[in-house]
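Throughout, read-outs are computed from the coordinates displayed, never taken from laboratory work. This structure is a prediction, so every number in the text was calculated from the model and none was measured. As a convention, Cβ positions derive from the backbone with ideal geometry for all residues, glycine included, and neighbour counts pool all protein chains shown.
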Amino acid sequence: MLRRMLPLALLCAHLGLVRIAWGGQTWLQASDAVCATQDDQTAAVAVVDHRGPAGVFRTYVAGSTFDDVFWGLPGWQKQFGGSQDAFLARYDFVGGTMKTAFTYFGGASDQDRAKAVAVGPHDHVYIVGALGGLDPGFISTLPATIDVPRYEGKVDGFIAVFSSDLRYLKWFNLIGGEFSDIALGIAIAPNGDFYVCGSTTSYPLEYRGLQVWTKTRHCVGCGSRENNGSGFIARYNSNGRLLAWRYVEDPQGEYTWAQGIAVGNGCVYVTGARKNPKGPQNFDAFLACYSLSLGAQRTFKSIGGPEDENPNLPADTPRGIAVDAKGNVFISGESMSTDVDISPSPTNALPGTHFPGPFVYEQDQAGQVILFTSLADSGGGDAKGLRINSDRTIFVSGRVMKNKLVEKNGFKTIDSGMAGTVPEHPTFAAEIQTKPKLDLIFSTYLSGFCPGKQDGTGLAIDNSDHLYLVGYTPCSNFPPPPSTGFGNGAEVFLSRIHYH
């Protein structure tokens with residue numbers, strides 16, 4: 001049950017003051033807030049919760065920004081590198097206060113962006129994404145212990161590892177080839193190995209200037225500048241040594257991209273989208289299982305439907321993936337199909353929900369579909385953030401078509417609150433109970449009122465019934481509204497929601 005919402009940072013709280021909403025009332029509380037005060041800031045794309053020292057809840061946010069002014073304890077890269085930089089921020093929630101640290105990551109390119117974040121051994125923080133180049137200014141900031149990788153193409157994927165305080169860059173490398181490549185997901189195994197997935201149009205890819213050849217060379221559309229290509233997976237040991245590499249192969253020979261990755265049940269699970277041969281612009285979601293060595297593709301399942309309400313949009317696109325302790329696999333994403341094709345048919349869906357809309361999918365360790373449900377009453381939407389707790393409760397966030405969210409026990413509706421333009425795609429957060437029976441515990445809008453896109457792009461949970469939601473909004477009246485300092489474009493927000 002949703003009890004109270006605590007938007008602890010809009011990343012533009014003025015002079016270190018953060019607005020906190022509690023029980024419908026708002027007051028100001030002093031803290032060391034990271035804050036952007038100039039122009040546009042793009043979406044934070046992931047949040048990872050990590051339990052810090054006793055009494056401290058630590059959350060990391062990664063994304064990209066056009067801003068050159070941030071408040072907070074400076075980290076490794078203190079200066080804005082170019083027109084767009086990746087960033088990594090840390091928030092320590094200590095009682096009623098918040099302490100922050102922040103680092104840029106990037107150079108003069110306008111293509112630098114972080115797409116995922118994870119916490120690994122020794123509390124090191126891993127981010128992956130894309131860099132548009134390695135200019136001399138950026139190279140000069142690299143520690144002497146790091147070999148400068150060779151930049152290969154138009155855009156290369158990157159992997160970077162930071163100390164927990166964000167002051168030290170521990171490891172950094174690129175992965176890419178002649179054309180465009182991006183790393184989109186990362187998962188860390190219990191033994192410290194980490195797996196990275198993404199999308200490439202390069203063939204072959206490069207690693208430290210050496211061509212990476214493996215048993216699999218199936219890359220549809222690679223070696224061209226067309227907007228296709230293949231997904232990829234790479235495995236590294238805890239010291240950053242490349243252990244294995246492969247393309248994500250579609251059994252029907254269609255091109256793919258790999259969006260998310262998780263490790264569990266003796267598998268490396270990868271989800272993404274594959275070209276649907278039924279239509280020129282249509283895509284299906286897929287879920288593939290690989291051996292931990294990446295030597296074998298054990299299963300490849302297509303998830304989706306043949307219809308697409310908008311021929312210019314992909315039909316079924318996954319965003320988040322998680323594996324629970326029993327080996328059940330969960331996927332969140334977007335379906336534009338009205339006739340989702342699942343075989344065997346799912347046994348559960350939330351009452352009152354219909355496709356197209358944001359979806360949540362679950363299968364057991366044997367591959368049997370347990371749950372496939374929308375969170376909207378048709379109209380479309382996208383579920384991006386996804387987390388599963390120890391009770392197999394599902395938490396999900398994203399965006400939905402206005403007035404189409406199936407609401408329950410929410411603290412905000414689309415027709416109440418602040419005056420202004422009803423957003424076309426408002427942000428939402430939801431909690432879904434899976435046992436003893438399927439039930440929607442809460443589903444709520446969390447949105448400002450203004451034109452323009454906004455989204456809940458990632459989330460995390462801690463052990464004290466808190467949900468951390470990250471995303472972006474162009475609305476200065478986002479609940480509760482920030483104090484002065486809101487930029488001219490979209491701003492990143494971090495909200496803390498208390499549930500149960």
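Longer than 22 Å from Cα to Cα, which of Lys384/Lys408; Lys275/Lys384; Lys275/Lys453; Lys78/Lys384; Lys115/Lys154; Lys326/Lys437 are they? Say none if no pair is. Write out the running numbers ahead of the final one.
Working: Lys384/Lys408 19 Å; Lys275/Lys384 20 Å; Lys275/Lys453 26 Å; Lys78/Lys384 30 Å; Lys115/Lys154 18 Å; Lys326/Lys437 17 Å.
Cα-Cα > 22 Å for Lys275/Lys453; Lys78/Lys384; rest within.
Can you tell me the order of 240-253, 142-155, 73-86 when each peptide is scored by its average per-residue count of other Cβ atoms within 10 angstrom, highest first?
Details: 240-253: 17.1, 142-155: 15.2, 73-86: 19.2.
With the highest mean Cβ count within 10 Å placed first, the list reads 73-86, 240-253, 142-155.
At a Förster distance of 51 Å, what's the computed FRET efficiency of Asp391 paired with Arg241, Cβ-Cβ distance as r, to 0.05?
On the way: r = 37 Å, r/R0 = 0.73.
According to the calculation, E is roughly 0.85.
Which value in nm describes the separation of the simple spin-label points at Val422 and Gln252, placed 7 Å from the Cα toward the beta carbon?
3.8
Please give the length that would be gained between Arg150 and Lys435 if that part of the chain were fully extended, namely 0.36 nm times their separation in residues minus their C-alpha to C-alpha distance (nm, one decimal).
Details: separation 285, 0.36 × 285 = 102.60 nm, distance 5.04 nm.
Gain on stretching Arg150 to Lys435: 97.6 nm.
What relative contact order, as a whole-number percentage, does segment 236-278 give when Cα pairs under 8 Å and 6 or more residues apart are counted?
Values: 43 pairs, mean separation 12.5, N = 43.
Relative contact order, segment 236-278: 29 percent.
Using a basic spin-label model with each label point 7 Å from the Cα along Cα→Cβ, how many nm lie between Asn409 and Asp465?
Label-label distance for Asn409 and Asp465, simple model: 1.0 nm.
Rank the residues Asp377, Asp123, Asp284, Asp324 as a footprinting-exposure proxy: fewest other Cβ atoms within 10 Å of their Cβ go first. Working shown, then result.
Details: Asp377 16, Asp123 13, Asp284 28, Asp324 20.
So the residues, fewest neighbours to most, are Asp123, Asp377, Asp324, Asp284.
Stokes-Einstein at 20 °C, 1.002 mPa s, Kirkwood radius from Cα pairs: D for segment 121-164 in µm² s⁻¹? Could you put the intermediate results ahead of the total?
Numbers: Rh = 11.8 Å.
Answer from the Stokes-Einstein relation: 181 µm²/s.
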